[in-house]
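A short reminder: the numbers here are calculations on the coordinates, not readings from a lab. Quick caveat: nothing in here was measured; it's all calculated off a predicted structure. We place every Cβ from the backbone using ideal geometry, glycine too, and count neighbours over all the protein chains shown.
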Amino acid sequence: MDSSLTLVIFGITSNLAQIKLIPALYDISEKNLLPNTTHIIGVARAPQDESWIKNYFHQTLHLENKHHQHPISEDVLSKLNDKLNYMNGQLNDLNFFQELKQKITELGSTNTIFYLATYPDLYKDIFDNLKKVGLNEQTNGFTRVMIEKPIGEDLPSAQRLNKLLAEYFTEDQIYRLDHYLGKETLQNILTFRFGNGTFEPLINKDHIDHIQITASENFGIGKRGGYYDKVGALKDVGQNHQLQMLAFALMDPPSEFSNTAITKERTKILKNLQPIPEKVVFGQYEGYQQEENVEKDSKTDTFYALKTFINIERLKDVPIYIRAGKNLKETVTEISIIFKTPTNRLFQHIDCGKDPNVLIYRIQPNEGIVLKILTKKPGHTIDLDDSYMQFCYRSSNELPDAYEKLISDAIRGDQTFFNDAEEVEAQWKFIDPLVKTKTIPIVYSSKSWGPKEADDLIKEDSREWLEPSMMFCNI
Ligand code: BG6
């Protein structure tokens, strides 16, 4: 098959394009992962000449984007520049799509990816117009479409969007992107669990006391009030990123390393999650209502904590506590598996001798996989210490960005780390009942761990939230 590619990005001036897509394209280009003949067409509304996009990429990479971690090589950038094209147009204008088709034909590649970095309310117009000019078809090569989470805003709207997509594309053409699925540290959970034999026999109700998942950020919503105030924490990261973390950490072994087998197991976990509306706490950080583009009496959650169970035999009655929020004490994302402590442990009479072993998948920062264990303090007496056995990455710079990985997966046609329709709908099915019973969020102080009620949620089960440790993987 012809390996040339045209990548069309609708919304090239969007925040997403600036912060994520342009740096990712640079990195993919640097690693020579773009097909030899690649054309990138950036689309936006502003009339600009063709050369504008080269300056725009240059500026985005050099000045505005603090997310790009390593120096930009002028040589790589110049090669990327040769691939860039710009077109201005309205996405509801059929004439523009006729011009786009002509441009794609002139460029001569048979494979096309459309990346929709636009508001979801434009999707239908884009799909309609692509279809009217025949750009959704796959003739000699492939045609793929990439869209971002959130897919819908509840189960019915996600179902409508999936139905809409199915009118224009087949499932193998649709790449629903949740960037957590592209995180190196999350994907490594699969290797850790199913590539090694030691720990997997312990991932069940006989050995696990409970599970905690934390995604906390020590900053607020910044300039994203317009979006965030309509969504809130539970839908912003709970419906997607946190459920993906849960699925990776707890899914059954896939029958093989393939998209179908892995997605099937992730989806099984999500379908068996038990929503417990009375076990959710919503919070809002102090001062949130004064943020830009936020309603003055906003009831939007910037924090939530919840308890759930997975109704599969292997994990029956193992409680799972999940929390996430903005303006909290630390920025840290991790999954902790807290193991049961045998009642006959030899050292339980000694200070900290009853502490459980904890397996921590640290997604960020101090990325790694660590096991908290008890060790003997060096000396003449038997005193114990909490210590960590750890796998750490040498440097967080060695970790490819999630967007870099996912865009190159889409180019290769690998859907393993993308959501399919059924998976997204299973996520909403769990989240919707929790959203429906939403109460007015409890105000919490900035730089705390959220409202006290979130602590009560876990304390009533005689457990407590683990304070994320920064004592390991300090690289
Ligand atoms: C985004 C959310 O999807 O994920 C943000 O909209 C959140 O609110 C972000 O901050 C977290 O992603 P990461 O990669 O920084 O953990």
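Some notes on this structure:
- DSSP-loop trypsin sites (Lys or Arg not before Pro) across the range 135-218, with at most 15 other Cβ within 10 angstrom: Lys205
- The rule of thumb for compact globular proteins, 2.2 N^0.38 Å, goes into the C-alpha radius of gyration of the chain 1.04 times.
- Local charge for Ile147 was computed over the other residues whose Cβ lies under 11 Å away, with Lys and Arg +1 and Asp and Glu -1, and equals +1.
- Only DSSP H runs of four or more residues enter the estimate; each adds -39500 (n - 2.57), and after division by the residues of the chain the mean residue ellipticity at 222 nm equals -8500 deg cm²/dmol.
- Label-to-label distance, Glu422 versus Ser258, with points set 7 angstrom from Cα along the beta-carbon direction: 1.4 nm.
- Principal axis box of the range 172-269, alpha-carbon based, largest edge first, Å: 46, 39, 22
- Where only C-alpha atoms are counted, convex hull volume of the range 1-119 per residue in Å³: 102 Å³
- Gained length - Leu346 relative to Asp456, 0.36 nm times residue gap less alpha-carbon distance: 36.5 nm
- Listed from fewest to most Cβ neighbours within 10 Å, the set Leu5, Leu94 follows the order Leu94, Leu5.
- Least to most buried among Phe97, Phe192 (fewest other Cβ within 10 Å first): Phe192, Phe97
- Taking N as the residue count of the range 290-388, its C-alpha radius of gyration divided by 2.2 N^0.38 Å amounts to 1.53.
- Free-standing Cys, the chain [no other Cys Cβ under 4.7 Å]: Cys352
- Förster-model FRET efficiency, 56 Å R0, Ser51 and Asp209, C-beta, rounded to 0.05: 0.35
- As a proxy for reagent exposure, ranking His58, His70 by other Cβ atoms within 10 Å from fewest up yields His70, His58.
- Projected label distance in nm at Glu278 and Leu33, using a 7 Å step from Cα toward the beta-carbon: 4.8 nm
- Per-pair calculated FRET efficiency, R0 = 60 Å: Ala166 and Met470 via Cβ, rounded to 0.05: 0.85
- Residue ranges 285-291, 298-304, 31-37, 207-213 sort as 298-304, 207-213, 285-291, 31-37 when ordered by packing (mean number of other C-beta atoms within 10 Å per residue, highest first).
- Gap separating the Cα centres of the range 176-216 and the range 89-144, nearest whole Å: 38 Å
- One decimal place: the segment Ser3-Thr139 gains 47.6 nm when fully extended, by the rule 0.36 nm per residue minus the C-alpha distance.
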